[in-house]
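Chemist: Pasting a structure below so you can have a look.
The values are calculated or read from the model by the stated rules, or taken from the named source; none is laboratory data. Since the structure is predicted, the reported quantities are computational estimates derived from the model, not experimental observations. All Cβ positions, glycine included, derive from the backbone under ideal geometry; neighbour counts span all protein chains shown. With ligands, DNA and RNA removed, areas are computed over all heavy atoms of the protein, side chains included. Shrake-Rupley method; radii C 1.70, N 1.55, O 1.52, S 1.80 Å.
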4 protein chains.
Amino acid sequence: MTQPSPPQSWRERLYIIIFHADTPAGKRFDEILLLAILASLVVVMLDSVNSIHQHYALPLAGLEWGFTALFAAEYLLRLYCSPKPLRYAFSFYGVVDLLAVLPALLALVYTGAQYLMIVRVLRMLRVFRILKLTPYLSQANFLLVALRGSQQKITVFLLTVSTLVIVFGTLMYVVEGPHHGFTSIPTSIYWAVVTLTTVGFGDITPKTPLGQGLATLIMITGYSIIAVPTGIFTAELASAMRGGSESLQHACPTCGKAEHEASAGFCSRCGHPLFPKL
Amino acid sequence: MTQPSPPQSWRERLYIIIFHADTPAGKRFDEILLLAILASLVVVMLDSVNSIHQHYALPLAGLEWGFTALFAAEYLLRLYCSPKPLRYAFSFYGVVDLLAVLPALLALVYTGAQYLMIVRVLRMLRVFRILKLTPYLSQANFLLVALRGSQQKITVFLLTVSTLVIVFGTLMYVVEGPHHGFTSIPTSIYWAVVTLTTVGFGDITPKTPLGQGLATLIMITGYSIIAVPTGIFTAELASAMRGGSESLQHACPTCGKAEHEASAGFCSRCGHPLFPKL
Amino acid sequence: MTQPSPPQSWRERLYIIIFHADTPAGKRFDEILLLAILASLVVVMLDSVNSIHQHYALPLAGLEWGFTALFAAEYLLRLYCSPKPLRYAFSFYGVVDLLAVLPALLALVYTGAQYLMIVRVLRMLRVFRILKLTPYLSQANFLLVALRGSQQKITVFLLTVSTLVIVFGTLMYVVEGPHHGFTSIPTSIYWAVVTLTTVGFGDITPKTPLGQGLATLIMITGYSIIAVPTGIFTAELASAMRGGSESLQHACPTCGKAEHEASAGFCSRCGHPLFPKL
Amino acid sequence: MTQPSPPQSWRERLYIIIFHADTPAGKRFDEILLLAILASLVVVMLDSVNSIHQHYALPLAGLEWGFTALFAAEYLLRLYCSPKPLRYAFSFYGVVDLLAVLPALLALVYTGAQYLMIVRVLRMLRVFRILKLTPYLSQANFLLVALRGSQQKITVFLLTVSTLVIVFGTLMYVVEGPHHGFTSIPTSIYWAVVTLTTVGFGDITPKTPLGQGLATLIMITGYSIIAVPTGIFTAELASAMRGGSESLQHACPTCGKAEHEASAGFCSRCGHPLFPKL
């Protein structure tokens, strides 16, 4: 910014506004886009409410088409100003941007428009692209590091939970049977998940004493093992928050003390410098 | 307290009783006020029970008016004895004190009194003002420090949860449809929140195998990611609780670095011994 | 045990068997008593099942009387052999022992026997007296220390939760009203507790969009703030497990290092002895 | 692998393929077996769905028999090639392997085949045998160490929860009574478990104000004490994860004390310096 930047073409300036969020214009563009996405989501939601649809079908459809045109124009502009248009088109966000526009266009030819509504939800993911540059992202990064660190333990936990719900679900199917709502093994496994996760809809409930006893076992299991993912994640997060520093360290050459503070210049045990002085 | 305090006017003494809770008279005043607020809340609650209202409408209305008169008198006294009445009147507690009195007065003119009942709940916030000076508040402060420290991470978490319930809610609306209770996208998102938070009312439940499979996914997600806010808060609270002790360590005499490892014998920044050698 | 014990009277031996659980005879007595209490609880439970009561009312009543006679005899023996009978009679366990016998005797005079059944549950507390000497108790002690340490924080948390459910419950009463199941403010507060604690019975559910939006807020609040008691207890327990040692410690007289390992004889920073050698 | 292995008999090679998963052939065998077990589980599940059973009863039964024949052949092969067949036959996996085959054979003689379906679920446990050699197992080991370390505390916790649900269940039976759904003490205890674990089916709900107040108490208790198993497990897991690094520290040269504080310069037991002074 201290050096005079060379004159930019219109296309280059557009590229910076649309793809970079670190200039005032780029930030404003992303904020307006975020608002448009949110507004289009609200319109889709309102359109799904029956009483609103009956009275305001036309204006809502108009708004829908407006947003579709806006996002289509944005997609074409992105293709036009991007230095590598093909690379953008096949990137994750490129595909999402295209999918956000396509359903409305397809609805012109085929009348099954209401089933394509689901793709519009993907527009929501743009929120994360816009948030990319806020200070919140470094915090999200902390959470991701902790999640990645606990990935293997979480997999073991989910495998154990899966085995538990299959075993308990089958047992409940045998004990309670179809006339008490446990109509099949998959339904019973669904019930076991509802119970183990302490959701407890109550659409299917055990009626026999043996089934209620078994359900008691499942509920106390679910109530207790919720400690496992929590413990895993807490331990990983605490280690990630202390972390960073530790992977940079080498042992003290004099006394061999292995772990030091992140900014340590001297060993806190023997006072020896931790690296050759300049 | 060791020096003789200058003679006080009636207004000054009233000010200390009403606004300060660290004198015996001030403490007693706050305790009586707390009891009056609790009693007035109980009266409002009992009045809302139909069977009680039919039999005791008159005495309850009398008590209501008594409490309203009491709180009105208290509000006027606060205005009178405060050295800066305007500042009090526009402070948070000043507004709450006024709002606790107004509804009953307004009910004389308009008959929509039952809708104003809601404002009376704000009286409850006085409990915190009265508790201000108890030893419990330092503990509440610990919790607040931990909550403030984890604010950004919690925001990221809530944004992720919001995206999840919108995506899952829309998917369930498409999969299950209006004839299975998922009448609109907002209702489906409400259901997704009910399921993800493991509340599980059971007023709306999936009926199709695909919907039950998707619900299984939502439930296991909700059951697992409860670990995230817990992990965040636990890590922050543990760090807040250690906080105090670390700040007690004496600074390095050479470079002034304040915090050191528990058993550090040398400053890790300048290598100076941290205590006189024998 | 190395010294010859003086000859004991029958009453003294009985006292050791009944009140002390560290001799073989005393341990066996407590184990048999535990089994008798459990058996009497099972009998009370079975008697409450309608189908069982209709067929086995007589033998169950017989067993009930047998257990009552047994516990009455035990109570009289305890009174007889205790060196300070009055002190036992007015201790917690003395009162519980009396209450475990009284209902059955009272049922002879008054026919409201089924309402006194509730007192029998208190016999269950004897289980803890019997477990007193198992190695598990030191672990229970850890939990109690952690709970006591977090008592103040838990109180602040429970006060906040209470305020939240009162505010949210009243709001829901105003928003949903009696014709949607929210019949009174106490009922609405009960519903708010059911929702905030993620229990979610589903006997009362919001019907209006505003009510569902408010319920969403309560559910996400409840889902998030469960992190608070968990974080409090985890931090306290981790500190209690490191703990024990820390309260025994005094600072190093040479370098002032405050915290040492539990069994430290020398300061790990300067090597100075931590206490005068014998 | 660097030395030429002596020529093996067919039986020895088969033993390595079937029992050892560290050779390519053995790994492939285990992977195919895992797929076969999963497929047989899916077939059992699909067969339990009424609409599928009516249309595809015959092909599903055929598949069932195919899998049974496959597992029977595998069991016989294991017996044949194992160096100690009896030891395998009476090991845990040997019994599970036999039980996975027997039900289908027994169904030929007795027609109660549908009740034996439950044993087939045990095949699922083979999944863990196959996963035995993946890197995930070391993570599972971490979880097991933490669970074993917290076993005693968890037992105390479960005993307390059991006492709570018995006391609360009996109280609710007395307060609400059979005409509000609390038909017996065991049913009321089942309801107390449903409520305390925050599952909340809603098939039984309190109707009286006193019952709702008591339910509020149970719910807040359950909501709060979930912190206990979580705290226990988190503290143990964090200690298990730190564990490894501490054991790497070198022992004191004078007294042999193995573990020291991270930055200890002197042994805290004998005061000897832990590293050669400069």
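Chemist: Quick one: with label points 7 Å out along Cα→Cβ, list the inter-copy distances for C:GLY177 in nm, shortest first?
Modeler: Between copies, matching label points for C:GLY177 lie 3.4, 3.4, 4.8 nm apart.
Chemist: Per residue of A:36-46, count partner chain C-beta atoms within 10 Å of its C-beta, then hand back the mean as an integer.
Modeler: 2
Chemist: What average count of beta carbons from other chains do you get within 10 Å of the Cβ of residues in B:168-174?
Modeler: 4
Chemist: Could I ask something else about it? Using θ = phi - 60° and the Karplus relation 6.51 cos²θ - 1.76 cosθ + 1.60, list the HN-Hα couplings for the stretch D:42-49 in order, rounded to whole Hz, with x at every Gly or Pro.
Modeler: These are the phi-based 3J(HN,Hα) values: 4, 4, 4, 5, 4, 4, 7, 7 Hz.
Chemist: I've got another one for you. List the pairs from A:LYS153/B:LYS207; A:LYS27/A:LYS84; D:LYS27/D:LYS84; C:LYS84/C:LYS153; A:LYS153/D:LYS84 whose alpha-carbon separation is above 28 Å, in the order I gave them.
Modeler: A:LYS153/B:LYS207; C:LYS84/C:LYS153; A:LYS153/D:LYS84, as the Cα separations exceed 28 Å there.
Chemist: Here's something else I'd like to know. Averaged over peptide B:47-60, how many Cβ atoms belonging to another chain are found within 10 Å of each residue's Cβ?
Modeler: 2
Chemist: Give me the summed buried accessible area for the C-B pair, 1.4 Å probe, to the nearest 100 Å².
Modeler: 4300 Å²
Chemist: Can you name the residue in chain A whose Cβ lies closest to the A-to-C rotation axis, and give that gap in whole Å?
Modeler: Per the A/C rotation axis, the closest residue of A reads A:GLY202, 3.
Chemist: Note down the accessible area of C:MET45, probe 1.4 Å, to the nearest 10 Å².
Modeler: Using a 1.4 Å probe on the heavy atoms, I get roughly 40 Å².
Chemist: Measuring label to label, 7 Å along Cα→Cβ, what does B:ARG11 give against each other copy in nm, shortest first?
Modeler: So the distances to the same position in the other copies read 7.7, 7.8, 11.0 nm.
Chemist: Residue by residue, what Karplus-based ³J(HN,Hα) values in Hz, rounded to whole numbers, does the stretch C:150-159 have, using 6.51, -1.76 and 1.60 with θ = phi - 60° and x for Gly and Pro?
Modeler: 9, 4, 5, 5, 5, 4, 4, 4, 5, 5
Chemist: Sorting check: for A:185-191, B:13-19, C:87-93, which peptide has the highest mean count of neighbouring beta carbons within 10 Å, and how do the rest follow?
Modeler: A:185-191, B:13-19, C:87-93
Chemist: Let me ask another. For C:GLY200, what residues show an amide H to amide H distance below 5 Å, using hydrogens built from the backbone and excluding near sequence neighbours?
Modeler: For C:GLY200, whose amide H was placed from the backbone, the distant partners under 5 Å are C:THR195.
Chemist: Between D:GLU31 and the same site in the other copies, what are the distances in nm, shortest first, taking label points 7 Å from Cα along the C-beta direction?
Modeler: Distances between equivalent label points, in nm: 5.4, 5.4, 7.6.
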